[in-house]
Amino acid sequence: MEEIMIRLKELLFPSIVDVAVLSLDVSIEAVQVDAEGTANGATCPACGVWSNRVHGSYLRFPADVPSAGRSVVLQLRVRRFTCENSKCARRTFVEQILGLTRRHGQRTERLRATLAAVGLALAGRAGARLCSVLGFSVSRSTVLRLVDALPEPEVPAPRVVGVDEYATRKGRHDGTVLVDVETRRPVDLLPDREASSLAA
């Protein structure tokens with residue numbers, strides 16, 4: 001039986017280390033997965049001190065990606081640890097399973113990533129329609145909010161820069177635009193046409 005649970009863990013959570021599958025119940029409409037965190041302890045998010053003193057535990061129900069057309073109900077038992085630092089403002093804190101949960105998150109990290117990818121490709125309204133076809137119902141505002149929460153991509157420093165003028169209002173306000181010639185993407189907008197601004 002233990003070997004089956006290990007295989008289920010590898011199937012359901014392939015890249016997540018500190019989680020164990022306790023049971024699995026499959027019906028026509030849904031898959032219920034009971035799981036728990038298995039780390040020896042956790043780091044306090046406020047002061048960064050490691051703790052393994054368990055204060056208690058409770059169940060979380062983060063939404064997850066569907067499996068074979070069935071919705072996945074994840075019942076995850078997480079522990080609340082007592083902070084070992086007596087000077088820390090937080091007395092207790094909840095463990096976060098890397099790659100699966102985040103603080104105050106109602107979705108697993110892979111569902112967040114999927115929704116953000118759909119949002120990047122299709123934006124709000126069309127993204128929400130595709131998500132309902134894929135089996136998870138979200139609003140267009142949620143899709144856009146997840147896209148907005150993504151970090152800015154790392155842009156390499158341009159090697160060749162083109163300089164041109166632009167006007168926000170015709171004949172009233174002119175500025176300077178810098179463009180990466182190789183990628184043809186804007187690098188910066190300068191508020192005026194002065195040589196000193198361009199040099200800086």
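The values are calculated or read from the model by the stated rules, or taken from the named source; none is laboratory data. No experiment lies behind these values; they were computed from the predicted model shown. Because the Cβ atoms are built from the backbone with ideal geometry, glycine has one as well, and the counts that use them run over all protein chains shown. Remember, those area values only see protein heavy atoms, side chains included, never the ligands or the DNA or RNA. Shrake-Rupley method; radii C 1.70, N 1.55, O 1.52, S 1.80 Å.
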(message) Among (1) open to solvent by 30 Å² or more (accessible area, probe 1.4 Å); (2) assigned to a loop (DSSP other than H, G, I, E, B); (3) touching a Leu at 6+ places or on another chain (Cβ under 8 Å), there is one condition Ile16 misses while meeting the rest; what is its number?
(response) (1)
(request) Those residues that are touching a residue at least 24 places away in the same chain (Cβ under 8 Å) and on the phi > 0 side of the Ramachandran plot, I need them from region 87-122; list them, please. (result) Gly99
(request) Restrict the check to region 87-95 and report whether at least one residue is within 24 Å of the chain's Cα centre (by Cα) and in a loop (DSSP other than H, G, I, E, B). (result) yes
(request) Give just the number: which of (1) at pLDDT 90 or above; (2) open to solvent by 40 Å² or more (accessible area, probe 1.4 Å); (3) within 18 Å of Arg107 (Cα to Cα) does Arg53 not satisfy? (result) (3)
(request) Kindly provide the set of residues from region 56-79 that are open to solvent by 50 Å² or more (accessible area, probe 1.4 Å), assigned to a loop (DSSP other than H, G, I, E, B) and on the phi < 0 side of the Ramachandran plot, ordered by number. (result) Phe61
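Return yes when Ala46 is touching a Ser or Thr at 6+ places or on another chain (Cβ under 7 Å), over 18 Å from Glu109 (Cα atoms) and of a type in the set (A, V, I, L, M, F, W, C) and no when it is not.
It is false that Ala46 is touching a Ser or Thr at 6+ places or on another chain (Cβ under 7 Å), over 18 Å from Glu109 (Cα atoms) and of a type in the set (A, V, I, L, M, F, W, C).
Here's the yes/no breakdown for (1) open to solvent by less than 60 Å² (accessible area, probe 1.4 Å); (2) charged (D, E, K, R):
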position	(1), (2)
Glu2	no, yes
Glu10	no, yes
Ile28	no, no
Phe81	yes, no
(message) Of everything in region 124-150, what is in contact (Cβ under 8 Å) with a residue 60 or more places away in the chain and either touching a strand residue (DSSP E or B) at 6+ places or on another chain (Cβ under 8 Å) or loosely packed, with under 10 Cβ neighbours inside 10 Å (or both)? Give them in sequence order.
(response) Gly135, Phe136
(message) What's the total number of residues in region 151-200 that are outside any strand (DSSP E or B) and surrounded by fewer than 11 Cβ atoms within 10 Å (Cβ to Cβ)?
(response) 17
(message) Within region 84-120, take every residue that is farther than 19 Å from Arg140 by Cα and among the small types (Gly, Ala, Ser) and give me the one that is surrounded by the most Cβ atoms within 10 Å (Cβ to Cβ).
(response) Gly99
(request) Could you please tell me which pairs satisfy a Cβ distance under 8 Å, a separation of 6+ or placement on different chains, a first residue in region 181-197 that is of a type in the set (S, T, N, Q), and a second residue that is open to solvent by less than 100 Å² (accessible area, probe 1.4 Å)? (result) Thr183/Pro158; Ser197/Thr176; Ser197/Leu190; Ser197/Pro191
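Okay, residues lined up against (1) among the hydroxyl-bearing types (Ser, Thr, Tyr); (2) over 25 Å from the mean Cα position of the chain (by Cα); (3) more than 17 Å from Phe61 (Cβ to Cβ); (4) assigned to a strand (DSSP E or B):
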{"position": "Glu3", "(1), (2), (3), (4)": "no, yes, yes, no"}
{"position": "Arg7", "(1), (2), (3), (4)": "no, yes, yes, no"}
{"position": "Leu11", "(1), (2), (3), (4)": "no, no, yes, no"}
{"position": "Ser23", "(1), (2), (3), (4)": "yes, yes, no, yes"}
{"position": "Ile28", "(1), (2), (3), (4)": "no, yes, yes, no"}
{"position": "Gln32", "(1), (2), (3), (4)": "no, no, no, yes"}
{"position": "Ala35", "(1), (2), (3), (4)": "no, no, no, yes"}
{"position": "Asn40", "(1), (2), (3), (4)": "no, no, yes, no"}
